[in-house]
Each structure stands twice: as structure tokens, then as C-alpha cells.
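In what follows, a single structure is set out as C-alpha cells and then discussed.
The values are calculated or read from the model by the stated rules, or taken from the named source; none is laboratory data. All figures in this text were calculated on a predicted structure; none of them were measured in a lab. Cβ placement follows ideal geometry from the backbone for every residue including glycine, while neighbour counts extend to all protein chains displayed.
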Amino acid sequence: MNDIRVVALRDADRDFGLRSLFSLHRAPDDAKVVVCVGDTALEGLPLDFRALEALAGLPEAGPFLGVAVYGDLTVAGGIINADRDFGPFLWVRGGVRTGNFAVTGSEVRIEGVLEAAQTIAGAPGRGRTVVKGDARAEVVLSREHLLEFHAGLTAELVVAGDLLRIADPGRVEVGAWSGRAHDLWGRPLPGPDPAATRTPHPAPGLHHLDGDLDGALAAIGQGRSLLRTSAPPRDPAIPAETVRAAFGRPPAA
């Protein structure tokens, strides 16, 4: 049974050092934080200031500043933040396992692994996602959202924007790339542009999208895979330029 509590920021900061991890310098000490004590399992986790109160029937009304999980977090559906300007923070002391992970304006820090059955997405917004442990997903999608991987990264497809950062390229196992990754200091990683690389195991057919990022995010929000579909893929070998077009990126120079 989940142990979910509402505490003041001053107490959560004393226990977890949250002010040093997130942009909370203007937040009052009595702001409310949702704290999950121990391993926690949820059906879904909407990173929305007021929607958090419904996640476990919390007795207090929001808004809530963020969520701190002192343990592992399992979310059957998805961890979704759709507001590009802001959103509650999420700090997880352990690892995260979820169907989909899509963040725009929220700040997220995961100290353990991040495993998404389908997609890990950082979409345009003012947020930041830091994963200290290994990350695994079908698709990793990054566009104008600071997305940092400090350990291993395993995916069938990566669509990388300018703010995708990787600590150790030697721990990356990806079937197909579009775009270029950077190190943790924002410097382009050496080597050829991954968009020009053809692999012996190309990604399967992309899911039906509207041809832009909004289409991809809509599919994620509905729990649909960007790679898997019930119908046979139209083209089992997707060239890098097709990947770029599907996500609204300009063609390679």
C-alpha cells in the first residue's frame, strides 16, 4: 500500500535537499509537496499543479509544488507534463518504470534507472530532465528540452535535438539515430552525424503521426508506441530523412 503524504517544502527540503536540486528559490517554505515514502505504484502521474491531488485521493487540495519519491516509482500509464512553461518537479530517489515519459516544463531528477516501455520524450519547454542511472526505451525523443543521461542509454531510435546530452557515448546502444547528441557541457560529441548513419538493424515502421512533434506527443499521451502498430509497417527500413520528416525536422545539410 502506498504511503503518500503532504508536507511543507521546508520539511521536504530538510529531508531531501530539494532546493539544491530544483529552481525553488522563490517558493515559500509552507508550499505543499507530495512525498511518497518507500516504493510507490501509481496508475498514472500527471505533472500538473492541481491534478496531483487526484493521484491517491489526497485529503488536502492543491496546488502542489512537486513530488518527492523516497524509493522506486512504478507508473502503469505514463508520467506526463504538458505545460511548456512550468510544472511540478519530480524527484525519485530510486528508479522509475513507466509506460511513457513525456515532460516539457517540469524539472525531473531520477537518481536510479528510467525504463519506459515505449517513449522517453523531452519536448519544447523550460524544464529539465536528469537521469542518473541507465535509461531504456523504444524511442528517445528530444526537442528544445534539456535531457541528460548520466549513465547508459538503450533505445531502438533516438531523435536528438540540440539539448540531448550524454555523459558516456561508450554506454549508448541505439539502433538508429536522427540528429546529434552533446556531452554534459553542451559540446557536440565527436564522430559523424548520426543522421547519416545507416545501421544493419533499422528501426521498424513509425507509428501514424501528423508529421510534427504535436502528433508524436498526442500518441504518447494516448499510450501508443511510436514504433509499433497493429498494421504491418509500410517500410520496415526507415531512412534517417524519413525519421526527420516524421518529427518535423529539416533535412540534413
Open item on the list: Could you tell me how many of the residues in region 90-127 are under 20 Å from L21 (Cβ atoms), surrounded by fewer than 23 Cβ atoms within 10 Å (Cβ to Cβ) and either touching a helix residue (DSSP H, G or I) at 6+ places or on another chain (Cβ under 9 Å) or at pLDDT 95 or above (or both)?
Closed with: 7
TODO: Kindly indicate whether any position in region 100-113 is in contact (Cβ under 8 Å) with a residue 60 or more places away in the chain, charged (D, E, K, R) and in a strand (DSSP E or B).
DONE: yes
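From the list V67, V37, V6, exactly one residue is hydrophobic (A, V, I, L, M, F, W, C) and under 21 Å from the mean Cα position of the chain (by Cα). Which is it?
Values: V37 fails: under 21 Å from the mean Cα position of the chain (by Cα); V6 fails: under 21 Å from the mean Cα position of the chain (by Cα).
It is V67.
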Open item on the list: Quick check on region 136-156. Is at least one of its residues among the small types (G, A, S), crowded, with 23+ Cβ neighbours inside 10 Å, outside any strand (DSSP E or B) and at pLDDT below 95?
Closed with: no
- [ ] Quickly run through region 26-52 and pick out the residues that are more than 16 Å from V75 (Cα to Cα) and not in a strand (DSSP E or B).
- [x] R26, A27, P28, D29, D30, A31, F49, R50
Open item on the list: So, in region 57-81, how many residues would count as being touching a Leu at 6+ places or on another chain (Cβ under 9 Å), crowded, with 18+ Cβ neighbours inside 10 Å and not in a strand (DSSP E or B)?
Closed with: 3
